[in-house]
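A.B. asks: Dropping a structure here in structure tokens format, bear with me for questions.
Read the figures in this text as sums done on the coordinates, not as results from a lab. Predicted, not measured: the structure shown is a model, and the values here were computed from it. Quick reminder, even Gly has a Cβ in these numbers, built from the backbone with ideal geometry, and neighbours come from all protein chains shown.
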Amino acid sequence: MGIFSRTRDIFAANFTELLDRAEDPARMIRMIILEMEETLVEVRASAARSIADSKEMKRALVRLNELQSSWTEKAELALSKDREDLAKAALIERQKAADMAESLQLELSSIDETLKSYEADIAKLQGKLREARARQNAIANRIESAVTRARASEILHGSRTEDAFSRFDLLERRADFAEGRADAMGMTGPKSLEEEIADLRATDKVDAELEAMKAALKAKGA
């Protein structure tokens, strides 16, 4: 009866209400699932014992029915030999076997009813267990989603991200400075007077060589 009371409590339990009142819903639903799994094991074990008892009783009923047939034959044999006293004794023994068979049949009927209750309870427990596991998965998914969102928020708005971007700004400033230094090194200032005169002399020399080449080509052609 303890198992039946335990299963009835589980059937009457409102998961949503239990989880709403719990400080740690994930832990609460794990406890609920563990309780139902243990109860399911106990109910199945009790059902197995009842099935074994039922089989044993059915075998006993077969033996009692055979015994009644045997005492009936013995009574008939005694009457055929004009031994009414033996026939009466045989009928008394047959009645004892019949009474035992009737009592056993009542017990067997009671066990069959119990087995039907076990079968119904097992089906309901399995349904509740599926519901609890579905809730467990949903809670786990919600917790995982919340953790992921918290991490994303930390990445977007946390101090570590701000520090990283500050470092990026510093690196960009260093890159700008390096590029500016390289550009400065490639810059040239205004030419001095000597440099400009030297350029004129170089230009005159190039022009003279160009005229000489033209003259040579002309003379060769003539």
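A.B. asks: Where a ≥ b ≥ c are the square roots of the eigenvalues of the C-alpha gyration tensor, would you call the stretch 75-134 rounded, which needs a/c under 1.5, or, failing that, prolate if a/b is larger than b/c, or oblate?
C.D. replies: Prolate, since a/c reaches 1.5 and a/b exceeds b/c.
A.B. asks: What lysines does LYS116 reach when the alpha-carbon gap must be under 21 Å and sequence neighbours fewer than 8 apart in one chain are set aside?
C.D. replies: LYS55, LYS58, LYS124, LYS128
A.B. asks: Further, regarding this structure: Could you give the length gained by full extension between GLU66 and ASP53, i.e. 0.36 nm per residue of separation minus their alpha carbon distance, to one decimal place? Please list the in-between numbers first.
C.D. replies: On the way: separation 13, 0.36 × 13 = 4.68 nm, distance 2.00 nm.
Computed gain between GLU66 and ASP53 is 2.7 nm.
A.B. asks: I would also like to ask the following. Residues of the stretch 31-73 with backbone nitrogen within less than 17 Å of a virtual label 7 Å along the Cα-to-Cβ line of ARG83, please, listed as ranges.
C.D. replies: 70-73
A.B. asks: Enumerate the lysines that LYS96 could reach by cross-link, defined here as Cα to Cα under 17 Å, with residues fewer than 8 away along the same chain left out.
C.D. replies: LYS74, LYS88
A.B. asks: Taking 0.36 nm per residue of sequence separation and subtracting the Cα-Cα distance, how much length would be gained by fully extending the chain between ALA215 and SER117, in nm to one decimal?
C.D. replies: 22.5 nm
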